[in-house]
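The values are calculated or read from the model by the stated rules, or taken from the named source; none is laboratory data. Just so it is clear, the structure is predicted and the values come from calculations on it, not from any experiment. FYI the Cβ positions are ideal-geometry reconstructions off the backbone, even for glycines, and counts take in every protein chain you see. Surface accessibility is based on the protein's heavy atoms, side chains included, excluding ligands, DNA and RNA. Shrake-Rupley method; radii C 1.70, N 1.55, O 1.52, S 1.80 Å.
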Amino acid sequence: MAFLKLNEVSFSYPRQDRPVLSGIDLALEQEGIAALVGPNGSGKTTLTKLMVGILSPSAGEVYLEERSLRNFSLAQIGRRIGYIFQNPDHQLFCSTVAEEIGFGLKHRGWPLDAITERVKFLLDYFELTPYRKAFPLHLSRGEKQRVAMAAVLAPEPAFLILDEPTVGLDLYRKKLLGDYLKKIARLGRGTLVVSHDHSFVQNTADRVVVLERGRIQGCEKTKGQETR
Ligand SMILES: Nc1ncnc2c1ncn2[C@@H]1O[C@H](COP(=O)(O)OP(=O)(O)OP(=O)(O)O)[C@@H](O)[C@H]1O
Ligand SMILES: [Mg+2]
C-alpha cells in the first residue's frame, strides 16, 4: 500500500493562464527516501503543499493511506506527515529554540521529562545546545534550518516532506542531515526531499522523481540505493 498517492492531480493558482501541475500520478511508500528534483518554478513546492493539504487539487485526488486527503483536517495530516517549509522563517514561531523543538511534543501530550530528554537529544544532534535559549528568528540561515528540522523530527512522524532542507547547511551539517534521514528510513519511516543539491540527492535518496513544467518526466534510482 502506498503511503501517499496522487491520482491525475492538476493544480492552477488563481489568475494564472496555465496549470502549475498537470496529470500527476505518483505513489510514495512509507519506507525509503525519495527525492523530488526539477528546475525553479517546475512546481515542486506546490506539489508538496498538495501532499499535506495546504493546497487542494483543481482536479484529481491525493490519498493518504488510501483515504482521500479531503477527509482529513490539517491537524490530522500534520500528525502523520512532518513538513519542512522551503523557508524556515515560515515555520518558526516560539520564543526560544528549546521551546520550538519541544512544541509538537507538548501539543501531543508527551510527559515533561520525555520532552526534556528528546529536546536535549535533538539540540545535541543538530549542535544547537548553545542556542537553546536564543530567539529562533535571530539565528543564522543554517541554524534556523537545523531548528526547523529538529522541531519537525521531534515527534517522529510517519513520513517527512522536506522542501530544500540543505539550503544554508555546510557540508558537515548536510552529512549529519543525510545520516539522520537514512537512520529513520531504516526504522521504516519514509521521506520525500525536494532538493537542487545533486550530491545530497545522490548520497541520500533511493529514488529520484523528476518534475519539469508541472509534469513528472521520470523516476530514477540513485547510487545511494546500492550502498545501503
Ligand atoms: N501563491 C502563488 N500564486 C501564484 N503563483 C504561484 C504561487 N506560488 C507559486 N506560484 C507559481 O507556480 C509555479 C511553481 O512554483 P513552485 O514554488 O511550486 O516551484 P518550485 O519548483 O518549488 O521552484 P523553486 O525551485 O524555485 O523552489 C511558479 O511559476 C510560481 O511562480
Ligand atoms: Mg520550491
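Annotations for the structure displayed:
- Charging the Cβ of each Asp and Glu at -1 and of each Lys and Arg at +1, and nothing else, the dipole of region 1-106 about its Cα centre rounds to 240 debye.
- Per the Debye formula on identical point scatterers at the alpha carbon atoms of region 52-169, with no solvent, log10 I(q)/I(0) at q = 0.11, 0.16, 0.19, 0.22 Å⁻¹ is -0.39, -0.76, -1.00, -1.23.
- Environment charge of residue 103, counting only residues whose C-beta is closer than 14 Å and scoring Lys/Arg +1, Asp/Glu -1: +3
- Rounded to the nearest 20 debye, the dipole magnitude of the chain is 140 debye, with +1 charges on Lys and Arg beta carbons, -1 on Asp and Glu beta carbons, and the Cα centre as origin.
- For region 86-228, DSSP calls about 55 percent of its internal beta bridges antiparallel.
- Under 23 Å of direct C-alpha separation, and excluding same-chain neighbours fewer than eight residues apart, residue 5 reaches these lysines: 44, 49, 182, 221.
- Ordered from largest to smallest accessible area (heavy atoms of protein chains, 1.4 Å probe), the residues 172, 63, 180 come out as 172, 63, 180.
- Residue 114-residue 68 pseudo-label distance in nm [points 7 Å out on the Cα-to-Cβ vector]: 3.5
- In a fully extended conformation the segment linking residue 202 and residue 107 would gain 30.6 nm over its present Cα-Cα distance, using 0.36 nm per residue.
- Ordering of 139-147, 183-191 by packing [mean C-beta count within 10 Å, highest first]: 139-147, 183-191
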